[in-house]
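*Asks:* I have a structure here, written as structure tokens, and I will follow up with some questions on it.
The values are calculated or read from the model by the stated rules, or taken from the named source; none is laboratory data. What you are looking at is a predicted structure, and each value in this text was computed from that prediction instead of being measured. Glycine gets a Cβ as well: all are built from the backbone with ideal geometry, and neighbour counts include every protein chain shown. Side chains are part of the model used for accessible areas, which takes the heavy atoms of the whole protein and leaves out ligands, DNA and RNA. Shrake-Rupley method; radii C 1.70, N 1.55, O 1.52, S 1.80 Å.
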Amino acid sequence: MIRLMTTKLPTFAICVALSALTAGCLFDDAEEGTVPRPGTPGDGSNTGNGGNTGNDDNGSDTGNGGNTGNGGDTGGGGSTGSKLDCRNAATWPADWVAFEDKVLVLVNEHRAAGATCGGNDRPAVGPLTADAKLREAARCHSLDMATKGYFSHDSADGKSPWDRIKKAGYTGSSRAENIAAGQSTPEKIVQSWMKSDGHCENIMSGDSNEIGVGYAFKDGSPFGHYGTQTFGVR
């Protein structure tokens, strides 16, 4: 069964932006659905449930990008009394940073070992390098989802991943985005992505050489834990 919308929230979910045209979601019943998205710049031609990555070389979307959100009290790995600002790294909780850093380590371990994505063998590829601007875009989206209680590649204000990456000031070419919700550890979130064809393809793609990872937690939000990966190249 493919679930695109549900009134009963699953315990976890992941979504992949394969190109500017489509996104795929994986809910806790381990079924992947395809969610059509509005046409936005990008030369990717992928359709269906997500075997291809696609990209957005020209970044011509305008707008104000991802929302920062005000965070407030956070939980999950520790509360913070200071106001969170996804564009100010000094305000980001240390345990969230550690979560993000561990995700990158695990992703690069998979890239070094090679993987099978949806029955397709993907050879070992070079490591992804953390980029501050991609990380900013990823953090802003994770925080926005946690704060406003939604789960989508499009921000609550309608901005796309490519809008958010451009807003963050990334000067390379944006390639893809993975999002996840409900996974409480770096190991669980990476495992979820690697078990899904499209997410795995994004992680294993040699078309990307930079990444941003953003994690946020908000007690009382639909999923609690939210994670975003943004991929780029230059």
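*Asks:* Could you please let me know if Lys159 is assigned to a loop (DSSP other than H, G, I, E, B) and on the phi < 0 side of the Ramachandran plot?
*Replies:* yes
*Asks:* Hey, could you check the range 177-234 for residues that are hydroxyl-bearing (Ser, Thr, Tyr) and closer than 22 Å to Lys83 by Cβ and say which is surrounded by the most Cβ atoms within 10 Å (Cβ to Cβ)?
*Replies:* Thr228
*Asks:* Which of the residues that make up the range 181-227 are part of a helix (DSSP H, G or I), among the charged types (D, E, K, R) and more than 22 Å from Arg164 (Cα to Cα)?
*Replies:* Glu187, Lys188, Asp197
*Asks:* Of all residues in the range 143-172 being open to solvent by 20 Å² or more (accessible area, probe 1.4 Å) and out of contact with any helix residue (DSSP H, G or I) (no Cβ under 9 Å at 6 or more places or on another chain), which is farthest from Phe217 (Cα to Cα)?
*Replies:* Going through the qualifying residues, I end up with Gly158.
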